[in-house]
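Read the figures in this text as sums done on the coordinates, not as results from a lab. Predicted model only: the values in this text are computed from it and were never measured. Here Cβ is always computed from backbone atoms with ideal geometry, including for glycine, and neighbour counts include all displayed protein chains.
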Amino acid sequence: MRQSQNWITPCGRYALHLTPASREQMDRECARSGDVETGGVLVGHYDSGELIAVITEALPPPRDSTRGKSWFHRGVEGLHALLAKRWESRGRTYYVGEWHYHPSSTIQPSRDDLAQMHEINADPRYRCREPIMVIVGTIQTGDNRPVRAFVFPQGEPHLEFEQAPAEQSVPVVTEK
């Protein structure tokens, strides 16, 4: 999974930075999962201008998660305490969205994926106005996993991020 770390929506309104650590965490969980779906919560923060979502962690699935070859239901066991601990930490990170693995080369969000993200968007308990979803696929060549990322703004259709070309000006992100 060595693609660009910076992503931006075509309209330029939303930007995303996946830290190397978060990408490695997703890759490790995907490899461990084999041919069944898996996923977890994305933890991070927004840059000082609140323009770029910086994903610092991709948490593994909670123990009460369930999964199969073509479905994944993220559990909640231990998440509240873990997210509270991240919030209280020096770096103050928090829930930013969801990630999951489709063990195939097709990484199209399913109806269930989209419904879950719209539910999260509408649920005030998440305190996340614009949740992000990252979907990771199976390695095709070399060590690259296909990745797609989406943002779900409140009251608007979801948008897909595109990898930012190296020559495109994307604000510099400093990790906490």
In Hz, Karplus ³J(HN,Hα) per residue of segment 68-85 (6.51, -1.76, 1.60; θ = phi - 60°; x = Gly, Pro): x, 5, 9, 7, 8, 10, 5, x, 10, 4, x, 5, 4, 5, 5, 5, 4, 5
J(HN,Hα) series, segment 125-137, from Karplus relation 6.51 cos²θ - 1.76 cosθ + 1.60, nearest Hz, glycine and proline x: 5, 6, 6, 9, 5, 9, x, 10, 10, 10, 10, 10, x
Can you work out D for segment 6-163 in µm² s⁻¹ from Stokes-Einstein, where Rh is the Kirkwood radius over C-alpha pairs, the temperature is 10 °C and the viscosity is 1.306 mPa s? 101
Taking amide H positions as placed 1.01 Å from N in the peptide plane, with prolines and chain starts having none, which residues 5 or more places from VAL54, or on another chain, fall under 5 Å of its amide H? HIS17, HIS45, TYR46, ASP47
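Quick check on the chain: helices-only [θ] at 222 nm, where DSSP H runs of length 4 and up contribute -39,500 (n - 2.57) each and the sum goes over total residues. Nearest 500, please.
My calculation for the chain gives -6500 deg cm²/dmol from helical runs alone.
To make sure I understand, if each residue's beta carbon is the centre and we count other beta carbons within 10 Å, what order do THR38, THR9 fall in, fewest to most?
Fewest-to-most ranking of THR38, THR9: THR9, THR38.
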Of the residues ARG74, ARG63, ARG86, which exhibits the maximal mean-square fluctuation in a Gaussian network model of the chain defined by a 10 Å Cα contact cut-off? ARG63
Percent antiparallel among DSSP beta bridges confined to the chain, rounded to 5, stands at 75
In what sequence, highest mean first, do 112-122, 129-139 appear when ranked by Cβ atoms within 10 angstrom? 129-139, 112-122
Throw me the Rg/Rh for segment 1-48, computed over C-alpha atoms with Kirkwood Rh, two decimals. 1.03
The Cα radius of gyration of segment 48-128, divided by 2.2 N^0.38 Å with N its residue count, comes to 1.21
